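Take a look at the structure set out below.
The values are calculated or read from the model by the stated rules, or taken from the named source; none is laboratory data. Just so we're clear, the structure is a prediction, and the values are computed from it rather than from any experiment. Here the Cβ positions follow ideal geometry from the backbone for every residue, glycine too, while neighbour counts run over all protein chains shown.
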């Protein structure tokens, strides 16, 4: 399929296309030069806009900072984004080159188109447009762009602590979340936290013939299946002791408000996912389960022969990759302790278990009717000519609670992604109309926050 030629797109899209061409996959060391090149491209772009721009080294990937000339007594707004992206595997499922953006069906198709380069670039171009039209911004601006969000932002907290005085601000804005439906502006006032781990079960020192040894030794693949099955009751509730003890229950006003949000009915979830039926914790709607209830998920499981046909072996080892989405007031470290105790208690005999802890992130919630949240709602209203919906996000941005802990400010979550954006999956995409709306949103947001 032929890509749309660069001559057929707007200058704004040209900028985004250039940004998307960098394979800035932060998790793969082979892409480290590409991540750096992407950061350096950003520095050049922001400097060309007249912003004072800095590239800060970290133990892994750089942080990019840019500012306008700050004026006393003006509010200071930080806009955060990340320029790193997820791996593209499996590559064969992409309908076009993930790092050669194309336009098809009114959407931009490329890795990072939605998460987070498209949404982030909309803010950059909104600032550029305001500077071009008015010569200045209505607020003191700080852009903070990192290259490690997709690996849990391991170095950003230390960076914030080191530069806390220079990064003082009144509020933070992030567009790295979603809209509930096309054309429906959405303000997120909460995020789920996350806690990850990997479980490895080891049995015999090598794969064994299943006829000669089957029935005499434990099968790690069977054992991992038993272990994974122990995480849930048949009704979908997580069976780990103490898992729900710190969960703050949904408020009645939230349940009532969310029942009126378009695009999140059971039929909508079925249409987007392609599933035959929905499943989850009893007593909650699909939206309530994803926005405000904790979960235990198996992100990957394997062991033994994976090729075509049959190979009758007992595998020497098996594994499962687990993640737990958390809600206020759950603590990721506490949950991982409970997970570890549960897994150790349920580990089948005959195998040796290793648990490798992964990245974590705190859940986040704030007041959707604070003065800055109301300003954001008005900016969304002006940008989309529609009434904004207020939701909590099912995903995680671990650094948001860290911003609050270190800088002492709240974050506005101004989502521009749609549910079919294929984020973290093949064929990631971003509607052009949302990209253009994001540019308008930035301009309206800075005006509203300045009041």
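Tabulated results
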{"read-out": "Failed criterion for residue 195 (all others in (1) closer than 30 Å to residue 387 by Cβ; (2) in contact with a helix residue (DSSP H, G or I) (Cβ under 6 Å, 6 or more places away or on another chain); (3) not in a loop (DSSP other than H, G, I, E, B) hold)", "value": "(1)"}
{"read-out": "Listing of strands (runs of 3 or more DSSP E) fully contained in region 1-114 that carry 1 or more residues being under 24 Å from the mean Cα position of the chain (by Cα) and under 24 Å from residue 444 (Cβ atoms)", "value": "63-67, 76-82, 107-109"}
{"read-out": "Flag if residue 384 is closer than 22 Å to residue 78 by Cβ and in contact (Cβ under 8 Å) with a residue 40 or more places away in the chain", "value": "no"}
{"read-out": "Region 247-266 - residue that is in contact (Cβ under 8 Å) with a residue 40 or more places away in the chain and loosely packed, with under 14 Cβ neighbours inside 10 Å and, of those, farthest from residue 277 (Cα to Cα)", "value": "248"}
{"read-out": "Subset of region 126-154 (residues that are under 16 Å from residue 403 (Cβ atoms) and surrounded by fewer than 20 Cβ atoms within 10 Å (Cβ to Cβ))", "value": "152, 154"}
{"read-out": "Failed item, numbered, when residue 132 is tested on (1) in a loop (DSSP other than H, G, I, E, B); (2) free of Cβ contacts under 8 Å to residues at least 12 places away in the same chain", "value": "(1)"}
{"read-out": "Sole exception among (1) closer than 30 Å to residue 401 by Cα; (2) under 22 Å from the mean Cα position of the chain (by Cα); (3) loosely packed, with under 15 Cβ neighbours inside 10 Å for residue 166, by number", "value": "(2)"}
{"read-out": "Residue in region 211-228 that is surrounded by 13 or more Cβ atoms within 10 Å (Cβ to Cβ), without any contact (Cβ under 8 Å) to a residue 40 or more places away in the chain and within 19 Å of residue 326 (Cα to Cα) present", "value": "no"}
{"read-out": "Hits in region 397-423 - residues which are part of a loop (DSSP other than H, G, I, E, B) and either over 25 Å from residue 163 (Cα atoms) or out of contact with any strand residue (DSSP E or B) (no Cβ under 9 Å at 6 or more places or on another chain) (or both)", "value": "408, 416, 418, 419, 420, 421, 422, 423"}
{"read-out": "Counted residues, region 230-262 - those being in contact with a helix residue (DSSP H, G or I) (Cβ under 9 Å, 6 or more places away or on another chain) and assigned to a helix (DSSP H, G or I)", "value": "3"}
{"read-out": "Subset of region 370-396 [over 13 Å from residue 171 (Cβ atoms), at pLDDT 95 or above and not in a helix (DSSP H, G or I)]", "value": "385, 386, 387, 388, 389, 390, 391, 392"}
{"read-out": "Options 339, 352: the member that is surrounded by 18 or more Cβ atoms within 10 Å (Cβ to Cβ), within 30 Å of residue 217 (Cβ to Cβ) and touching a strand residue (DSSP E or B) at 6+ places or on another chain (Cβ under 9 Å)", "value": "339"}
